[in-house]
Every structure is written in C-alpha cells, then in structure tokens.
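Reading through the structure tokens given below for one structure.
What follows draws every value from the coordinates through simple rules; no lab data is involved. None of the values given here were measured: they were computed from a predicted structure. Cβ placement follows ideal geometry from the backbone for every residue including glycine, while neighbour counts extend to all protein chains displayed.
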Amino acid sequence: MFRDNVEREYAGGGWIEVICGPMFSGKTEELIRRLKRAQIAKQKVEIFKPIIDTRYHEEQVVSHDANSIHSTPVESSSNIELLANDTRVVGIDEAQFFDEGIVDVCNNLANQGIRVIVAGLDLDYTGKPFGPMPNLLATAEYVTKLHAICTHTGQLAHFSYRIAEEEKRIMLGELDNYEPVSRSIFQSLMRKKKR
C-alpha cells in the first residue's frame, strides 16, 4: 500500500507508483491528489494522458468527481520521455491505453531520478489483464489497488462489467456503458452474456 513516507524529501532516486483497479474506484482521483501534493511541495510536475481519452476534456485529466489537473495528451508512450524535461514528478493517466513501450518509458524516467505515478485499469471488460498494466505492476516499487462498490451487492467491486454490447477491447464510457461489480456478480453476468 502507498505510504506518505514515499513523498519524503527528494534524495535523487526515482521510482514508479501504480494506482490500479476497476472503473469508478477512484484511480484518477488518487493520481490527481498525489500530483497536487507534489505541486504544493513546489516540485515540477508533468502529467500525460492518451490522446484518445477525450471523455471529460481534451487537455485535462478529470476524475468522475470532476476534480481535474492540466495534462498533455500524447499519441504514443515515446512522446512522454521527450516531453518530461527537467521534471521531478511525472503523472500518467489511463496507462492501459498506451503501447507496451510505456513500461520502458516509466523505467527510464525512474532511472533518471524521477518519481513516476501511473494510474490505469488492471483488467479489461472481460476480466483479462489490460495492455501494459501487468508489466507496470511488476516493475513498480509501490502498487495501490483500489476497489469500487458493486452496483448489485454493495460489496467491494474488482471488475468493470460492460453493459453495452460492443466487443472491441477499447471503448471509452461511463456509467452508461460500464458498472463496477464483485467477482460473483461478474461471473454470473458473463455466463448470461454467453448464452
């Protein structure tokens, strides 16, 4: 679990923090909170998101609770390394949408002494590991796994169930297309969908 001592005085070493979980678990909210704390500490912060994520705003990272922070939309992970000049903290939202190169980018930045904070879905709508997230989780020094609340049971939700009939892997959406559900509800809904 993430500890506030991670935000200790900068000593020249970088690291990677990953915030993961299903939709509606507060990943982006937590990312914004950590980045704003770094800004309050007068650390230079750069924030990036995939160019395809235009749900709330083209240039802002925005949480479901409408908290936001300015970001730079990028088409590929290699752009992040090029744009993260003279920075102490790099934030990356919706990491699951980036190419596999995001893992090397995060490691290269951390090796340069930069604190890298990444947020993303760990599982896709079918319950499978999503894009580069497994490798980011494996290489991160700190991992925070968040949970939403199941809309059926009120229990912890670990899965993002897609309500819409679309079968492509990447489909941006909100509560109109997805709902957070527990394991038992996810299994039940997936069985019904296969019938």
### Task
Calculate, for residue 183 and residue 37, the FRET efficiency according to 1/(1 + (r/R0)^6) with r their C-beta to C-beta distance and R0 35 Å; round to the nearest 0.05.
0.60
## Note on the structure
Assertion target for 69, 52, 40, 47, ordered by fewest C-beta neighbours within 10 angstrom first, is 40, 52, 69, 47
### Task
Mind sorting 142, 161 by how few other Cβ atoms lie within 10 Å of their own Cβ, fewest first?
142, 161
